[in-house]
Structures are given as C-alpha cells and as structure tokens.
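Data block below; observations after.
The values are calculated or read from the model by the stated rules, or taken from the named source; none is laboratory data. Model, not experiment: these values are computed from the prediction. As a convention, Cβ positions derive from the backbone with ideal geometry for all residues, glycine included, and neighbour counts pool all protein chains shown.
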Amino acid sequence: MRNPNFIAQHRGGTLTKEHHFQMMLWSCLCAEHSFTLISDKIDFRLINALTIGRNWTQGLSSVGDARKASVECHSLARELSNPIEIAIARACGHAVATAHMADHLLGGAIYSLKAFKFAGQSIEIEREWQNDQLPLEISEFILSTRTQKEQAFKSLRD
C-alpha cells in the first residue's frame, strides 16, 4: 500500500497541493544541480522536463505534459552510455514524474546522488546540499522516507 503522504487529498491521501508543489520544486532542483557534472551541452529534453515540472507548480503545464517529458528523459537515458549522464537523465525523468505520482520526487534526488558518485564526488556532501534545500514543511517526512528509499539503491552503498 502506498504511503498516504504521497497521495493527493482529492484521491484520499493527505498530500496538499502546496506540499506536492514543494516536492516537485525540490526534486527538480536536485536533478538540475547534477547538471554541473555534464561537460558537454545539456540535452534539451532534460532542460525541458525540469521546466515543465516547474511550470506544473504554477498551473502552466499539465500532468500529461509532465508524464511525456518524463518518458522522454528515460528514453534519453537508454540512448546514453555514460553512467553519469544516464543517472542525470533518470533524475530529471523522476523529478518531472512527481506531478503524476509524488513518490517519484525521491528519484530526482537519489539518481542525482548516483551521478555524483559515478563522477567520483562525495554523495554525503551532495546529500547534505539537497537536504539543506528542503522546505521545512516537508523536510521531516522526506528525510525519513529518503533513508528507506536509499537503502534499496545498491549503487549508493559502498
């Protein structure tokens, strides 16, 4: 059974629109922060996905737009061979998918951590940066849920 904190109120859960928007913005920020690891031009599909995600929080994009952008990011990930770029594409795909299912927000953060690890950088420093960006209203819930989710990602363990 899904955690009701990730289910919108109008669907029987406890997630408010404001908190859902905060989740989207945080996940997009985490994914975008990993762009610093890309030395070449950033693929338009990644930038577009994060723009759609942010626009969704303002009512300027639909959930359908977000789902399409997410699929495009995951398609891009399958085209790539560099593990850093694959993780970044997956981070963007999960971040924008937060519009469809709020649980995806953690994918934006965790795949970004994977990108930093693949780049030989400290995931602890990046995790701390991500945590510092969390809005106070959702930080406690996200941090406790994040710990559980990260344990499932073998590639984050040493």
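Assorted remarks:
- Only one entry of K68, K17 meets the criterion of being closer than 26 Å to L143 by Cβ and surrounded by fewer than 19 Cβ atoms within 10 Å (Cβ to Cβ), and that entry is K17.
- A count restricted to segment 1-38 and to residues that are within 20 Å of H74 (Cα to Cα) and not in a helix (DSSP H, G or I) stands at 1.
- Members of segment 67-90 found to be of a type in the set (S, T, Y), within 18 Å of S34 (Cα to Cα) and part of a helix (DSSP H, G or I), listed by number: S70
- Restricted to segment 66-81, and to residues there that are charged (D, E, K, R) and free of Cβ contacts under 8 Å to residues at least 24 places away in the same chain, the residue that is nearest to T51 (Cα to Cα) is K68.
- Residue that is farthest from N5 (Cα to Cα), among those in segment 104-157 that are of a type in the set (S, T, Y) and in contact with a Lys or Arg (Cβ under 7 Å, 6 or more places away or on another chain): S155
- For S39, the conditions (1) surrounded by fewer than 20 Cβ atoms within 10 Å (Cβ to Cβ); (2) more than 20 Å from A119 (Cα to Cα); (3) hydroxyl-bearing (S, T, Y) all hold with the exception of (2).
- Answer from A91, A119 - the residue that is of a type in the set (G, A, S), modelled with pLDDT of 95 or more and touching a Phe, Trp or Tyr at 6+ places or on another chain (Cβ under 7 Å): A91
- Index of the failed condition, T98 passing every other in (1) under 13 Å from the mean Cα position of the chain (by Cα); (2) closer than 21 Å to F118 by Cβ; (3) not basic (K, R): (2)
- Residues in segment 39-66 that are assigned to a helix (DSSP H, G or I) and among the basic types (K, R): R45, R54.
- Unique match (being exposed (fewer than 15 other Cβ atoms within 10 Å of the Cβ) and under 28 Å from S122 (Cα atoms)) among R78, R11: R78
- Evaluation of N5 against the conditions (1) free of Cβ contacts under 8 Å to residues at least 12 places away in the same chain; (2) in contact with a helix residue (DSSP H, G or I) (Cβ under 8 Å, 6 or more places away or on another chain) shows that the sole unmet condition is (1).
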